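Step one of this worksheet: look at the structure below.
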Amino acid sequence: NSQQCNEHNVRSVVHPPERVTTIHTNQSTMATTTVDGQGMWRAWKRGFTSNVRAFKDLIDNAVDAAFDDPLVEETNNNFIGRIDIYPDVYQSTTTGICLQNNCVKSVASLEKVFVVYESSKVDSGADAVGENGVGLKQACAALSDLSFVLVKRANDELSFGVIAESLQLRGGVRLPSFNLVDNGSLYQQLEAHLNTPEYVDVKKCIARYGAIETNDPPNFPNGMKRICEHFQAMNRRYSGHDLFEVIMDRIRHQSSKDDTVEQVDVHHEQKTRVHTLMRDIKKELPKTYLHIPDNLHFRVGKDRLEFKHWPQRLVELSSFTIKVNPNLGWNEGDTFRANDERDDSYELRIFCGFDADRATLPNSRKECTLHLHSRKSGRLICTDADARTKLQLPASGSDYSQGLTVIMDDFKGKLPLNPTKQGVAFAEERRGAVHEENLYQLVGAVVHFYYQTHLKKFKGKTQLMQQVCKFGDWANRDRRRQLKSCQESDLTTYRVTLKKVQRRIRVDNFEVSEGEDTVCLVERTTKSREKKRKTPTNAAAERSNTEPDLPTTKRRRRAAPGALQEAETSSEEIEEMRVPRRKAAKKPPSKREGRKEKNDDEEETITIKKSDYEELVRQKEEIQKKFEDADKMFAPFVEGNKKLKASYTELKAKNTALKSENKGMKAENKELKAEIKELKATKKFVPKKQK
């Protein structure tokens with residue numbers, strides 16, 4: 001019957017006979033265990049927390065295929081990567097969403113792509129995000145009950161595959177695929193495959209794709225027509241490269257329990273869900289990838305995305321590079337090992353900055369936020385809204401807040417990721433706990449140093465917050481700035497060495513090189529861009545590597561006093577010119593022994609040109625004339641001020657006399673009161689009666 005035929009097809013397509021091995025022994029028989037395809041599909045549907053996260057898994061595969069790093073010499077500089085996300089529309093009716101991309105390398109056969117939990121990118125290291133062989137299948141299952149995969153190769157070979165819930169069996173996962181040739185008879189080739197009894201259920205899936213409206217019956221010819229139109233559009237869109245396209249029909253709501261069959265099929269519901277998903281993707285993707293190069297064109301609908309979110313948003317964006325050892329704990333043994341250069345250590349890049357927009361918005365969180373990105377594309381793995389506890393930093397009040405943002409860039413691809421790319425699987429490693437502790441201890445040391453360095457520029461956290469908030473609308477105002485990605489930007493770079501402080505790691509010495517693309521909280525001075533922390537080690541190194549002094553202007557001091565005089569020589573070069581020193585307030589004697597105080601009456605003798613000297617004399621005369629004019633103009637005011645001072649002195653004297661007179665009257669009044677009291681006591685005082 002049909003069920004037996006389908007089960008036979010599962011074994012022949014997904015689990016070939018050579019893959020099923022049976023070992024006979026005297027005690028028992030061991031064989032590979034079958035996978036319940038329907039149960040696997042239910043698990044795939046629950047793998048993501050939102051539709052955007054599921055769609056990101058498909059985008060990861062597209063980025064891996066279309067990413068051609070221009071900084072690598074082996075890459076093809078003429079290749080332009082393209083990734084397009086657009087709605088699947090048939091006669092003005094939106095039925096789903098499509099993702100299409102071209103590929104740097106040749107695409108593997110769909111029969112191999114559809115093998116569950118098998119990936120050609122397992123040992124790719126930092127090159128690829130997808131490495132578990134389940135991303136395509138799991139993402140399609142989470143987004144839709146019916147998806148199609150189309151492949152067009154440069155040699156005119158075509159492939160067509162179906163990922164559908166209705167094809168899954170209790171005996172295994174069924175993902176059928178077909179190999180075709182682009183010779184103008186695509187409809188006939190695909191129809192010949194589907195007319196066989198073993199692919200009757202696949203034919204029903206295509207008939208479902210041909211039903212456009214809710215009440216339309218399944219239409220196989222219309223579904224075949226739509227699939228052939230997608231293949232033809234691939235030929236028109238790009239040429240000369242392998243192309244890969246995923247078509248997801250009838251996008252499911254984020255929570256599948258909220259949907260009924262009628263809600264999924266309604267036209268206006270589908271259009272709203274597709275446009276909502278595209279809007280969320282357009283908003284999330286710029287901060288999802290750090291290192292998308294300019295030769296990778298990424299479009300959502302008709303809009304091209306730029307992956308320059310953090311350079312546009314963060315103030316004082318700075319870069320650190322540290323070494324992380326995944327096997328040996330930083331506190332193991334008697335020796336501090338954070339600065340060890342070991343073979344198994346890897347480089348980790350850290351970006352720190354203050355998010356002015358997040359600090360300005362009233363309802364947003366201001367605490368230290370940690371973003372983890374991994375692989376060469378800089379894919380966002382997870383975000384910690386308040387990472388102060390994880391980084392072992394003070395988490396009380398507004399410490400390490402003010403919109404502080406930390407980005408961990410695992411560009412070497414050394415962190416083990418879970419299959420959905422939503423976290424780090426430290427448990428996969430033998431010493432995963434040690435790796436995790438080393439990682440967050442080192443990052444915490446860098447964040448502590450960065451925050452305290454900028455906090456010292458202000459009187460306190462309140463003033464730092466006010467200064468950060470001044471850049472709240474800066475990203476929208478400064479449109480003339482040439483933005484770059486984090487990797488291509490000239491950022492302020494710190495080179496640090498670490499030390500052990502009690503149970504923590506802290507920065508010991510550092511060197512900083514200021515970058516032109518870093519927007520500073522405080523305006524830079526005219527000092528050199530290279531700064532170095534003054535430590536005994538650095539000071540000794542500077543004394544040993546002192547360069548010979550450069551030739552300077554001839555200077556000598558004369559003890560004799562004098563005024564500015566013109567030299568008697570008539571040549572262009574004046575040998576000596578007396579410049580009186582400005583007298584300064586006397587300072588207390590120096591505590592250092594052997595230090596002599598300078599005489600206030602000393603003069604400097606310098607060598608200048610005669611023309612310059614004449615210009616100085618002329619400027620001096622002009623200044624003196626201006627002073628004389630100012631004295632004449634202010635003379636009446638000075639005279640009036642003198643008269644006011646005299647009047648004030650006279651009034652002050654009269655006030656003093658009146659005060660003394662008032663004081664005498666008070667004393668006389670006091671005596672009279674005492675006399676009246678005495679008369680009352682002797683009963684000789686009779687007060688006058690009043691009417």
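Treating the Cα atoms of segment 359-456 as identical point scatterers in vacuum, please give the log10 of the normalised Debye intensity I(q)/I(0) at q = 0.14, 0.20, 0.21, 0.25 Å⁻¹, two decimals.
Per q value, in the given order, log10 I(q)/I(0) is -0.57, -1.05, -1.13, -1.37.
Of the heavy-atom accessible surface of segment 364-473 (probe 1.4 angstrom), what whole percent is carbon and sulfur?
Result for segment 364-473: 50 percent of the exposed heavy-atom area is carbon or sulfur.
If you roll a 1.4 Å probe over segment 146-206 with all protein chains in place, what percent of the accessible area is carbon or sulfur?
48
In whole Hz, what ³J(HN,Hα) sequence does segment 303-312 give by Karplus (6.51, -1.76, 1.60; θ = phi - 60°), x for Gly and Pro?
Each residue of segment 303-312 in turn: 9, 8, 8, 10, 9, 9, 5, 6, x, 7 Hz.
Rolling a 1.4 Å sphere over the protein heavy atoms, what is the accessible area per residue of segment 641-685, to the nearest Å²?
103
Taking θ = phi - 60°, what integer Hz values does the Karplus form 6.51 cos²θ - 1.76 cosθ + 1.60 yield along segment 485-490, in sequence order, with x for Gly and Pro?
Ordered by residue, 3J(HN,Hα) equals 6, 4, 6, 8, 6, 8 Hz.
In square angstrom, what is the accessible area per residue of segment 377-480 with a 1.4 angstrom probe?
44
Using modelled backbone amide H atoms (1.01 Å from N, in-plane), which distant-in-sequence or interchain residues come within less than 5 Å of Leu169's amide H?
Placed amide hydrogens put Gly37, Gln38, Arg174 under 5 Å from Leu169.
Find, among the GluC sites (Glu not before Pro) in segment 357-465, those assigned to loop by DSSP (not H, G, I, E, B) with at most 11 other beta-carbon atoms within 10 angstrom. Walk me through the numbers on the way to the answer.
Numbers: sites: Glu367, Glu428, Glu429, Glu436, Glu437; in loops: Glu367, Glu429.
Here no GluC sites (Glu not before Pro) fit, given the DSSP loop and packing criteria.
Decide, for segment 169-217, between rounded, prolate and oblate: order the square roots of the alpha carbon gyration tensor eigenvalues as a ≥ b ≥ c, take rounded if a/c falls under 1.5, and otherwise choose prolate if a/b is larger than b/c, else oblate. Walk me through the numbers before you get to the answer.
Values: a/c = 2.22, a/b = 1.08, b/c = 2.05.
Here segment 169-217 falls in the oblate category.
The values are calculated or read from the model by the stated rules, or taken from the named source; none is laboratory data. All values reported here derive from a predicted model rather than from experimental measurement. All Cβ positions, even for glycine, are placed from backbone atoms using ideal geometry, and neighbour counts span all protein chains on display. Side chains are part of the model used for accessible areas, which takes the heavy atoms of the whole protein and leaves out ligands, DNA and RNA. Shrake-Rupley method; radii C 1.70, N 1.55, O 1.52, S 1.80 Å.
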